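**Student:** Quick one: this structure, given as structure tokens, is what I'll be asking you about.
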Amino acid sequence: MSHDHDDRPQLTAAQAEAALKPPPGRNGGDLVIETLQGLGATTVFGLPGQHALGMFDALRRSSLTYVGLRVENNAGFAADAYGRITGEVAPLLLSTGPGALTSLAALQEAAAASAPVLAVSSQIPTAGLGGGRHGYLHELRDQQASVRDIVKSVHTVRTPSQIPSAIAAAWESALTAPHGPVWVEIPQDVLLAGTALPVVSALDATPREVYPRPELTLVAAHLLSHAERPVIIAGGGVVRSDAAGKLRALAEKIDAPVVTTFGGKGAFPWEHPLSLRSWLEDRHTTDFLEDADVLLVVGSGLGELSSNYHTFAPRGRVVQIEAEAGKLESNHPALGIHSDAREALSDLLDTVEARTDGTAAERVRAVLEAVHDRIAAQDLTLEQQVLASVREALPDAAPSFWDMTILAYWAWSAFDARHPNTMHSAQGAGGLGYAFPAALGAAVADPTKPVLAVSGDGGAMYSIAELATARQYDLPVTWLIVDDGGYGILREYMTGAFGEATATELSRPDFVALAESFGVPAVRTTPESLTADLGTALAAPGPSVVVLPALLKMFEPTHL
């Protein structure tokens, strides 16, 4: 049996000489940092802690850019956004116990949204591992048990020589479709131990491609080619696999209307004649999808939001393309194709027969008019005005990050994300505090574009500490805070369900004065001056805050 060695990492003469004479003063932390550099990382996020100091000291001896946030959860959100924007692995350096646990909500969002975050956490010294109660600072009986249900894979290191392989395996896992967060943990003594191991110079952690099975592609192509009323639902998998061009080509080839999920915003042009936009929480859209005789679902599990709160009941054949095997047919029987969205759409595009449907664009127009008329009957002029003002002020290619707030709920359905991979929210896991730290991560990924964060006053309080981060690194993030005096969406939910709201009203600071105390310029705006104030803030270098006092309402749901 022969082996081809040509594609294995090769050392240069200089690297070979350095391997035989490694520089003095290195430790396990250096092996971590060298491995990340060898895998192609350029930027790391995190927060130091006592057990992790070996890693952080090694940063001094590296060329990596370190971005430190003030709370581990926010560091996780920043890494999540960096991974979404770049499609590359975002390393997140964490300490043990409280530091590790504080990151979990961010890792849950990364898992739900398939963001490639590589968390490297320290651990108590090796002698304390195994569940005994030794009384070490930050000690947990089984730290990795706390993360195992959240991340894609867990990798534990017990000796310095295990570090490069563990991190490389985690890196490959994070980038294999579907992308997601992974966890490596390394004991304090291993990070601090001096090492004579060679400098880590070349690693291969190429992710495995997830290709569709050809016989399934053939069946799917046959169904779509001969359908009378095909429709496509495009989810976040289309955006993450950079498949928007393939999606558009396929939709145009078979004349199929396209609706994008909230995670798939920007996957299909908003103004295209075949675009149903994103009105998934609307019965008119749900009825249209149910009427399809063949429904192609790409990169979505048709979860709660994408199925109009599980009221959607398709009557035709469903073809589902999904990189996460656990989502295949999890909500509806389908021809399930386990594949990365880009690979599957490419194969379908090559296989499907062109079809022409002169009624498709007209049927789409009728649905959108019905949706428009329903919203117009609800006296929601202010909400639509505010959203339109944000759209007008935000440059087309600038990314935006949205917290769980009423304006974001509007944006899921009604905001035109004019480019793929520019609109992101925390709707995967649904936690508060995502928008501002995520926007900081996006600004680190590409500081040439302004970035918008949108929060309510309740969600903003989760992230106030990161105003210091924005100022320290001079990041071009504008933070729009819609101040309605409490948890607005919960106020609506409780009033609707119980007649009155409890625990939703909040005392809050003067956000303008607070931002200015961090050295961040801020302005209080009105709905009428929002476009101008937001535009000015986005055009200025560095961070800024725009506060909009406004009580926004949601449109009426159709699933009840």
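**Student:** Below 16 Å, Cα to Cα, which lysines can residue 265 reach? Residues fewer than 8 away in the same chain don't count.
**Tutor:** Partners found: 246.
**Student:** A further question follows. Label the stretch 245-327 by shape, choosing from rounded, prolate and oblate, from the square roots a ≥ b ≥ c of the eigenvalues of the Cα gyration tensor; if a/c is under 1.5 it is rounded, and otherwise prolate applies when a/b is larger than b/c, oblate when it is not.
**Tutor:** On the way: a/c = 1.33, a/b = 1.19, b/c = 1.12.
Since a/c stays below 1.5, the shape of the stretch 245-327 is classed as rounded.
**Student:** Relative to 2.2 N^0.38 Å, what does the C-alpha radius of gyration of the stretch 114-243 come to as a ratio? Two decimals please.
**Tutor:** That ratio works out to 1.51.
**Student:** Take every DSSP beta bridge with both residues inside the chain and express the antiparallel ones as a percent of the total, to the nearest 5.
**Tutor:** 5 percent
**Student:** Below 8 Å between Cα atoms, with a sequence gap of 6+, how large is the relative contact order for the chain in percent?
**Tutor:** 13 percent
**Student:** Which angle between 0 and 90 degrees, to the nearest 10, do you get for helix 341-351 versus the longest principal axis of the chain when only C-alpha atoms count?
**Tutor:** 50 degrees
**Student:** May I ask for the angle, rounded to the nearest 10°, between helix 244-254 and the longest principal axis of the chain, with both axes built from Cα atoms and the value confined to 0 to 90°?
**Tutor:** Value to nearest ten degrees: 30.
**Student:** Considering only protein heavy atoms, with the full assembly of protein chains and a 1.4 angstrom probe, order 283, 8 by accessible area, largest first. Walk me through the numbers before you get to the answer.
**Tutor:** Details: 283 70, 8 125 Å².
From most accessible down to least: 8, 283.
**Student:** To continue, here is another question. Expressed in nm to one decimal, what extension gain is obtained for the pair residue 313 and residue 293 from 0.36 nm per residue of sequence separation less their Cα-Cα distance?
**Tutor:** Here the segment from residue 313 to residue 293 would lengthen by 6.0 nm.
**Student:** Straight-line reach from residue 553: which aspartates and glutamates have Cα under 12 Å away, leaving out those fewer than 8 places along the same chain?
**Tutor:** The reachable aspartates and glutamates, counting only those whose Cα sits under 12 Å from residue 553, are 379, 383, 484, 492.
**Student:** How large, in percent, is the carbon and sulfur part of the accessible surface of the stretch 310-350 at a probe radius of 1.4 Å? Kindly include the intermediate steps, with their values, before the conclusion.
**Tutor:** Details: 790 of 1850 Å².
C and S fraction of accessible area: 43 percent.
**Student:** How far, in nm, would the chain grow between residue 270 and residue 513 when pulled straight, counting 0.36 nm per residue and subtracting the alpha carbon separation?
**Tutor:** 83.7 nm
**Student:** Compute the helix-to-body angle for 72-86: its Cα long axis versus the longest principal axis of the chain, expressed 0 to 90° and rounded to tens.
**Tutor:** Approximately 70 degrees, to the nearest 10.
**Student:** Return the long-range amide H neighbours of residue 124 (sequence gap of 5 or more, or a different chain), with a cut-off of under 5 Å between placed amide H atoms.
**Tutor:** Amide H to amide H, under 5 Å and 5 or more residues apart or across chains, residue 124 pairs with 188.
**Student:** Probe 1.4 Å, all protein chains in place: accessible area of residue 304 in Å², nearest 10?
**Tutor:** 110 Å²
**Student:** First select every other residue whose beta carbon is under 11 angstrom from the beta carbon of residue 110; then total the charges, Lys and Arg +1, Asp and Glu -1. Numbers along the way, then the final one.
**Tutor:** Details: positive: 84, 152; negative: 80, 109.
Result for the neighbourhood of residue 110: 0.
**Student:** In whole Å, how far is the Cα centre of the stretch 448-493 from that of the stretch 130-157?
**Tutor:** 32 Å
**Student:** Efficiency by 1/(1 + (r/R0)^6): what FRET value for residue 356 and residue 211, r their Cβ-Cβ distance, R0 = 35 Å, to the nearest 0.05?
**Tutor:** Efficiency, rounded to the nearest 0.05: 0.70.
**Student:** Carbon and sulfur atoms: what percent of the 1.4 Å accessible area of the stretch 412-483 do they account for?
**Tutor:** Working: 910 of 1820 Å².
Roughly 50 percent, rounded to a whole number.
**Student:** Okay, moving on. Among 155, 443, 279, which residue has its Cα positioned farthest towards the positive end of the charge dipole of the chain, with +1 placed on the Cβ of Lys and Arg, -1 on the Cβ of Asp and Glu, and the dipole taken about the Cα centre?
**Tutor:** Looking along the dipole axis, the top candidate is 155.
**Student:** Also, I was wondering about something else. Please calculate how many Å² of accessible area the chain carries per residue, with a 1.4 Å probe and no DNA, RNA or ligand atoms counted.
**Tutor:** On the way: 22080 Å² over 560 residues.
Here the residues of the chain average 39 Å² of exposed surface.
**Student:** Follow-up. Mean residue ellipticity at 222 nm from the helices of the chain, using -39,500 (n - 2.57) per DSSP H segment of n ≥ 4 over the full residue count, to the nearest 500 deg cm²/dmol?
**Tutor:** Using -39500 (n - 2.57) per qualifying helix, the result is -11000 deg cm²/dmol.
**Student:** What is the set of long-range amide H partners of residue 46 at a cut-off below 5 Å, with H atoms built 1.01 Å from backbone N?
**Tutor:** Answer set, sorted by chain and number: 67, 69, 93.
**Student:** Residue 491: accessible area at probe 1.4 Å, nearest 10 Å²?
**Tutor:** 40 Å²
**Student:** Using 0.36 nm per residue, how much length does the chain from residue 204 to residue 50 gain when fully extended, once their Cα-Cα distance is taken away? Mind dumping the intermediate values first?
**Tutor:** Values: separation 154, 0.36 × 154 = 55.44 nm, distance 3.12 nm.
Here the segment from residue 204 to residue 50 would lengthen by 52.3 nm.
The values are calculated or read from the model by the stated rules, or taken from the named source; none is laboratory data. Being a predicted model, the structure only gives us computed values, none of them experimental. FYI the Cβ positions are ideal-geometry reconstructions off the backbone, even for glycines, and counts take in every protein chain you see. Accessible surface is based on the protein model in full, side chains and every heavy atom, while ligands, DNA and RNA are left aside. Shrake-Rupley method; radii C 1.70, N 1.55, O 1.52, S 1.80 Å.
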